[in-house]
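What follows is one structure encoded as structure tokens, with my remarks underneath.
The values are calculated or read from the model by the stated rules, or taken from the named source; none is laboratory data. Just so you know, these numbers come straight off a predicted model, no measurement behind them. Neighbour counts are summed over all protein chains in view; Cβ atoms, including those assigned to glycine, are modelled from backbone coordinates with ideal geometry. In case anyone asks, the SASA skips ligands and DNA or RNA and just uses the protein heavy atoms, side chains included. Shrake-Rupley method; radii C 1.70, N 1.55, O 1.52, S 1.80 Å.
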Amino acid sequence: MPLPKINPTTAPAWKKLGLQFEAEKKVTIQQHFKNEPDRMDNFTIQWEDFYIDFSKNRLSKTTKKILLDLAKECQLKEAIAAYFEGEKINETEHRAVLHTALRSSKPTSVQVDGQPIAHEISEVNIQMRNFAQRVIDGVWKGHTGKAIDTIVNIGIGGSDLGPAMVTEALEYYRNHLTVHFVSNVEGDHVREVLKKINPETTLFVIVSKTFTTQETISNATTIRKWFVAQASEAAIKDHFVAVSTNLEQIAAFGIAASNVFPMNDWVGGRFSLWSAVGLSICLAIGPDAFDQLLAGAGAMDDHFRTASFEKNIPIMLGLIGLWYNNFWEAESEAIIPYTQYLRNLPAYLQQGIMESNGKYVDRNGTPVNYQTGTLIWGASGTNAQHAFFQLMHQGTKLIPADFIGFQKSLHAEKDHQDKLMANFIAQTEAFMTGKNRDQVVTELQAQGMPQKQIDFLAPYKVFEGNRPTNTLLIESLTPYNLGALIALYEQKIFVQGVLWNIFSYDQWGVELGKQLANTILKDFNDVEKAQNTHDPSTAALLRIYKQNA
Ligand code: F6P
């Protein structure tokens, strides 16, 4: 069964939400707490190592219920079944969406085009395990007989962001291998990495689902030339491996068939770190920890599939996001992980969320008459507090935020951890309660400030509060919990995509820029001729660049 194709604004619950918004828009979060003595029971979820508190939202118990009705009316349950059962829910590319099968606790019984996929999944996993272990143990040798000590991941988008973010996030669990990432087509990026590495002891992992991506093929070609100039063609087999669905192109590039880690078209790029795309992660943290990452994601998938909607973390966070996006007209969402390890989680989720749900055409092929995907941004706390929190506290925009924190620090630095977590907890309280004029005045009077100065200063020191946050408090940053956290956001993407009636698993919006870049690259050969084929601004840029290039 394909995904339902329901315009959410036609659902009875959508209309009720509109009325509810009018009735509730002046009720503050603090008033919700006063009105609902049992709010903590209704707005928290405990699941494994995760404690989720979404009580600090502009959302009453009644609204929550209507949001849950909306999910039912938009047939979310049926959509989840279609997704996990391997239906071709990515209709515009005619593909199933089965990254969940890669991390399923039991071998999946799902078939694609009548073929079971469980065996292939386990074969690739074993291939990755064995290869990674040989590299880690120094059994796999470079062309001069030395063990590998450096990995270079060559890829972009989903073939870079996931592996880079997870490798960084799990630094604590890393082995001796140094891992670099080359993504940008900018030659300076690749050259800076080449400066740092030794061809004798480096393994290059070329990751590209399509193996046609301009950036990745350019970087891989430059690196190959650099490598052959110092080693030999024959040495390529000891230093280059590839991950792709495009086995022909890999062979054309000269990668030995035994060095190929296949992936399938039912895994989308931005959901692919669980597949062979995660090879750099597997190398950096070892196969056992990589399996833990998969297990955590699989456990979150089980929770998503089986928990009641009301106690379902991705569903509740998805519905709350929709409430702000479509009724409060919030344009963005901030993601603030209180750990340096996750400093790149917001950048990773930008691709996951914005490439998936940044669509204005619905599943019926019609432009939507409501908002879809939110802008995602953020940075690690406490650093973010000293950067953009001013605007979040006192700016004019409504910015719902997810605060992600960990009960235990990995290095058990108690003093630091207490300070970090004091900030983590204090910020969500501050966002909600704010500080009123009376409090400001009393504070300033206590400091002995003259009344005239107090009158001048007070308006600037008032915080109106009532700013919404979700708190995700997790036991500790283990590979398992990280897997679960990433899967949580992946499933939130799915929930919102279903409700907004859009196709979340294609990305046609990135194609036009790629196409025009290829045209302009050709136009560089004859700028004069190309002048009439572009608008005046573009034509001038072309001319100026070429004159000075
Ligand atoms: O930017 C579009 C995109 O197709 C992403 O979805 C993908 O993650 C990235 O390019 C890289 O693609 P590939 O793995 O095929 O090189």
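Once both labels are positioned 7 Å from their Cα atoms along Cα-to-Cβ, the gap between Thr10 and Gln394 label points is 4.9 nm.
If the Kirkwood radius is taken over C-alpha pairs of the stretch 155-251, then at 37 °C and 0.692 mPa s the Stokes-Einstein diffusion coefficient equals 233 µm²/s. Give the Debye-formula value of log10 I(q)/I(0) at each listed q (0.23, 0.34 Å⁻¹), with one equal scatterer per alpha carbon of the stretch 508-548, two decimals each. Rounded to two decimals, the profile gives -0.73, -1.19. Which of the residue pairs Lys5/Lys34; Lys106/Lys419; Lys15/Lys461; Lys16/Lys311; Lys209/Lys408 have a Cα-Cα distance greater than 30 Å in the structure shown? The answer is Lys5/Lys34; Lys106/Lys419; Lys15/Lys461; Lys209/Lys408. The trypsin sites (Lys or Arg not before Pro) of the stretch 382-468 that meet both conditions, a loop assignment by DSSP and at most 15 other Cβ atoms within 10 Å of the site Cβ, are Lys397, Lys408. For the chain, the 222 nm mean residue ellipticity estimated from helices alone, with every DSSP H stretch of n ≥ 4 adding -39500 (n - 2.57) and the total spread over all residues, rounds to -14000 deg cm²/dmol. Each principal axis of the Cα atoms in the stretch 382-434 has its own extent, and those three values, largest first, are 39, 20, 16 angstrom.
Relative to its Kirkwood radius, the Cα radius of gyration of the chain gives an Rg/Rh of 1.00.
Between the DSSP loop rule and a limit of at most 10 other Cβ atoms within 10 Å, which chymotrypsin sites (Phe, Trp or Tyr not before Pro) in the stretch 87-195 are left?
Values: sites: Phe131, Trp140, Tyr172, Tyr173, Phe181; in loops: Trp140.
Taking the stretch 87-195 and a limit of 10 other Cβ atoms within 10 Å, no loop chymotrypsin sites (Phe, Trp or Tyr not before Pro) are found.
If I take R0 = 45 Å and measure r between the Cβ atoms of Asp188 and Lys34 in this structure, what FRET efficiency does the formula 1/(1 + (r/R0)^6) give, to the nearest 0.05?
Details: r = 57 Å, r/R0 = 1.27.
The calculated FRET efficiency here is 0.20.
In what sequence, highest mean first, do 324-333, 372-381, 11-20 appear when ranked by Cβ atoms within 10 angstrom?
Values: 324-333: 18.4, 372-381: 21.0, 11-20: 16.5.
Highest to lowest by the protection proxy: 372-381, 324-333, 11-20.
Take every DSSP beta bridge whose two residues both sit in the chain; close to 30 percent of them are antiparallel. The label point for Ser232 and the one for Lys25, both projected 7 Å from the Cα toward the Cβ, are 7.5 nm apart. Based on the Stokes-Einstein relation at 10 °C and a viscosity of 1.306 mPa s, and on the Kirkwood radius from alpha carbon pairs, the stretch 121-290 is assigned a translational diffusion coefficient of 102 µm²/s.
Please give the per residue accessible area of the chain, computed with a probe of 1.4 Å over protein heavy atoms only, in Å².
Working: 24210 Å² over 549 residues.
Roughly 44 Å² per residue, with all protein chains present.
Multiplying the residue separation of Leu247 and Glu310 by 0.36 nm and subtracting their alpha-carbon distance yields 18.2 nm. For a paramagnetic label modelled on Asn548 (point 7 Å from Cα along Cα→Cβ), amide N atoms under 14 Å away are absent within the stretch 509-528.
Restricting the calculation to Cα atoms, the stretch 27-158 yields a radius of gyration followed by a Dmax of 23.7, 73 Å.
Around Ala231, under 14 Å between beta carbons, what's the net of Lys plus Arg minus Asp minus Glu among the other residues? Write out the running numbers ahead of the final one.
Details: positive: Lys141, Lys146, Arg224, Lys225, Lys237; negative: Glu200, Glu233, Asp238.
Result for the local shell: +2.
Taking other residues whose beta carbon is less than 12 angstrom from the beta carbon of Lys408, and scoring Lys, Arg as +1 and Asp, Glu as -1, yields -3.
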